[in-house]
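Reading through the structure tokens given below for one structure.
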Amino acid sequence: MAEHTEAAWCPPEPRELPALREHLAEYLTTSVAHLFTSAMVREGRGTLRPIGDPDIGAELMLADEYLRLHQARLFYVTSDITPLVHHAARNLRDRWDIEPQDLPALTGFMLFAEPLATYARADGKEVAIVAVSWGETTLINHTDGGLWLTFWSATDFAAVIAKFRAVGFPTAEATRLAHSQNAELTWDNEIYMPWGATQAVVPDEPGGQVLDPTKVSAAKTTIDWLRVVHAGWIFCQPNGFTEVTDEHLPKTLRKRSARAGHSTDPVRVLSVSRKAPPRPARAFEPTGRTVGVRFPVAPFLRRQAYGPNHSLRRWKVVSGHWRGPADAPVRIGKKVNLIDTPPPGQQGRKS
């Protein structure tokens, strides 16, 4: 449903994510959010839309999303791990069968420091999808239950300011109104996924669709986004490539979140692991070549048996190994990405 976007995504720091979630949840309760969502429903934007009055539909959708954000566990995917997540997502094509135990949290909000996806709007402007929220929904009743995912794009405040300037507001007032009437993120699109579903309904034409509560309901674009999110969930599990740390809320924000009823769990931060290889490198190197970058060797995903009599299946990251010094720049394919956080004792890189 996105109307706003910005190509240059400037992500918050992990410690700022709770405040962003709080502001976003508050925004969903405003009349501005209701007017925007009602207009999007009326215009046929998005994948899933309530049948009937657009105003009532918008109210139901916003209230449903507020509950998910309100209860969400927060996750932050750093820029250095995002290429690995995208690479792993290729193994997940048209394979779902997701159950509650496969999620890092039943209700969550995951922000990507690098966009999880981009697409071009009708006017040619690029939209950056930078976050996803998920959880159960009150809008769909089915005995087996399921998961609603909402994708969020970065709000293009420059475009909003330009609209206010076009109707005569001075720059300072236009800037104030743009930031007071919009959140940092804009609701873009959504997916419904029944637990254990193995098939997806992807219509050929854009717009809403009649929901089949036994199949994944998505658009052609969002089904690709779902693969990236699924890979992100899998990377939350212990593996040889990911370092998972907890960013605890400051005391003041923790108290404020508790009073508002929001989850006060720490932000779970996913980044590239900098642990030394478990065994030393071989004593010989062909031609004496020195490795000056750090890169992953053949990571992939596998459905692995577990549980009673190995009767259950879940995706697992099967880690090959890292090559190169632990403090070297990370290379994924032909692209070089500098690690954001410096190793102990090294300064000069942005943390």
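Please treat every number below as a calculation from the coordinates, not as lab data. This is a predicted model, so every value here is computed, not measured. Glycine gets a Cβ as well: all are built from the backbone with ideal geometry, and neighbour counts include every protein chain shown.
Let me know the shape class of segment 103-155, please: from the alpha-carbon gyration tensor, a ≥ b ≥ c as square roots of the eigenvalues, rounded when a/c is under 1.5, otherwise prolate if a/b is greater than b/c, or oblate. All intermediate terms of the calculation are to be shown ahead of the outcome.
Working: a/c = 3.78, a/b = 1.86, b/c = 2.03.
Here segment 103-155 falls in the oblate category.
Can you give the relative contact order of segment 14-245 as a percent, counting alpha carbon pairs under 8 Å and 6+ residues apart? The partial results should precede the final answer.
Details: 374 pairs, mean separation 53.1, N = 232.
RCO, segment 14-245: 23 percent.
Couplings 3J(HN,Hα) of segment 106-120, computed from phi: 5, 10, x, 9, 10, 10, 9, 5, 10, x, 6, 6, 9, 8, 9 Hz, in residue order, whole Hz [Karplus 6.51 cos²θ - 1.76 cosθ + 1.60, θ = phi - 60°; x for Gly and Pro].
Using Cβ contacts closer than 10 Å as the measure, can you line up LYS251, LYS163 from fewest to most? Spell out each step's value before the answer.
On the way: LYS251 8, LYS163 12.
Least crowded to most crowded, the residues run LYS251, LYS163.
Within segment 14-245, the percentage of alpha carbon pairs spaced more than 23 angstrom apart rounds to 49%.
Annotation note: GluC sites (Glu not before Pro) in segment 1-106 located in DSSP loop regions with a Cβ neighbour count of at most 14 within 10 Å are GLU43.
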